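The numbers here are math on the coordinates, done by the rules we state, and not lab data. Quantities reported herein were computed from a predicted structural model and do not represent experimental measurements. When we count neighbours, we look across all protein chains shown, and the Cβ atoms used for this are built from the backbone with ideal geometry, even at glycine.
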């Protein structure tokens, strides 16, 4: 059958024993886009269909008679042990089947509280192998494989059937057959697909009732339902068939029938208008696609490897986009600040060039300087250094006044101060640049030495104090007063007091004098005070 292509967002493959039909899902509507017969020609046409872009992901739904279900209980374990236990049980039950799965459906209420597990499999691998092989050859992402009975649980969840203990969902399609799906509290337990004979619509009622009786008898043999328990039968079909069956269906206590028009249910769930071939399965697909997506029940990792690669590529693209976005968010403010600073730098450079040009123009009109700029700079720096080394005697004399206040018997007769080089206390020599006595060429050499010491910051204030002691009260008291005055001066940091002449000199070159004119004897002495302010 010829096919045509539409650009849609997702594709569904619906596989029956008669053909494979491709549907595309777009805006809550399933639209058929191609149909292929299960022979070599149909598989080749399907390969040509897959080769045409775009290569959208596929999802395969099987609606086949060859599907088996087993309800078992297994020990309640968790993690890796649970998966190994389920895989081992699947291998025992469906060793020859490639498409198999296990679903845990709760736990038993009594005893060891084992897990209740539904094991199912598509038992005819040959029906799926050509289609899956063609999908892998064209490297199309296959998101999963499921079946019509397994998807009926979606309808049970949306139809408020989770509290029904025993119910049978029945869907009828003249081309495929009668699908009966048994659920307990919304969980699939068994399903069978039986062909419908070609009969008049008036005879369908008896055919449906007979098939439902056969299904109930089989469920009783499996001990899934007791003989005295009612089995609700919910039949989904077209409006015409639904009206005929509701008229001709007698009331049965243990087997009540409920009829639903597929179009009405689709409108109620907002699932659009499902294709006639899909019937109620179209509603299940629409509900699943609108919610969390279609589950993968039967496809192994080898069949979905291109889907895994696609998801990995999307994840890497998302990570790369996030990294680039984060880098831009972090780096954009500094980049903008750098661009702004660069613009300001260019503006400042332009202004600097303009000012330099103006300076050069003004410089041409300047008079010639008597000395060079370097020499002028040296002179200015020298003057600043000398100015910093120029001291005032006020600070030192304030210290002398404080010491005199504590030594009231001492009177200041006179003082003389001058700025002089600081003497090195270790070597006893003047600071570098000072001329020693007798060296150089007189006052010019001494002045030059003083300037050198001032430039190196090695000068201080030297003061000569001429004092006397009144009244004279004995030699020992006079000597003690001078010593106390010297100690009082040296308590101040930066002061050094050196006696030059004491009140009583006993050397050969000195003479002792006394005046007896009615006044007290004066005791005079001279001190040299060296003062250098502490920084």
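Values computed for the structure shown
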{"quantity": "Whole-angstrom Cα spans of the stretch 187-285 along principal axes, big to small", "calculated": "39, 32, 24"}
{"quantity": "Fully extended contour minus Cα-Cα distance, from residue 92 to residue 344, at 0.36 nm per residue", "calculated": "82.8 nm"}
{"quantity": "Expected-Rg normalisation [2.2 N^0.38 Å, Cα atoms] applied to the stretch 100-219", "calculated": "1.29"}
{"quantity": "Net lengthening on full extension, residue 401/residue 336 (0.36 nm per residue, minus Cα-Cα)", "calculated": "16.7 nm"}
{"quantity": "Residue exposure sequence - 119, 472 - by fewest surrounding Cβ within 10 Å", "calculated": "472, 119"}
{"quantity": "Neighbour-count ranking [beta-carbon atoms within 10 angstrom, fewest first] of 46, 366", "calculated": "366, 46"}
{"quantity": "Prolate/oblate/rounded call for the stretch 292-420, Cα gyration tensor, a/c under 1.5 rounded", "calculated": "oblate"}
{"quantity": "Additional length obtainable on full extension of the chain from residue 126 to residue 108, 0.36 nm per residue less Cα span", "calculated": "2.8 nm"}
{"quantity": "Kirkwood-based Rg to Rh ratio, the stretch 8-133, C-alpha trace", "calculated": "1.09"}
{"quantity": "Solvent-free Debye scattering, log10 I(q)/I(0), computed from the Cα coordinates of the stretch 67-119 at q = 0.22 Å⁻¹", "calculated": "-0.81"}
{"quantity": "R0 of 22 Å, Cβ-Cβ distance residue 218-residue 165: FRET efficiency to nearest 0.05", "calculated": "0.80"}
{"quantity": "Residue order, fewest to most surrounding Cβ atoms within 10 angstrom, among 153, 263", "calculated": "263, 153"}
{"quantity": "Angstrom value of the Kirkwood radius, inverse mean 1/r, which spans all Cα pairs in the stretch 313-366", "calculated": "14.8 Å"}
{"quantity": "DSSP beta bridge pairing in the stretch 1-145, given as percent antiparallel to the nearest 5", "calculated": "80 percent"}
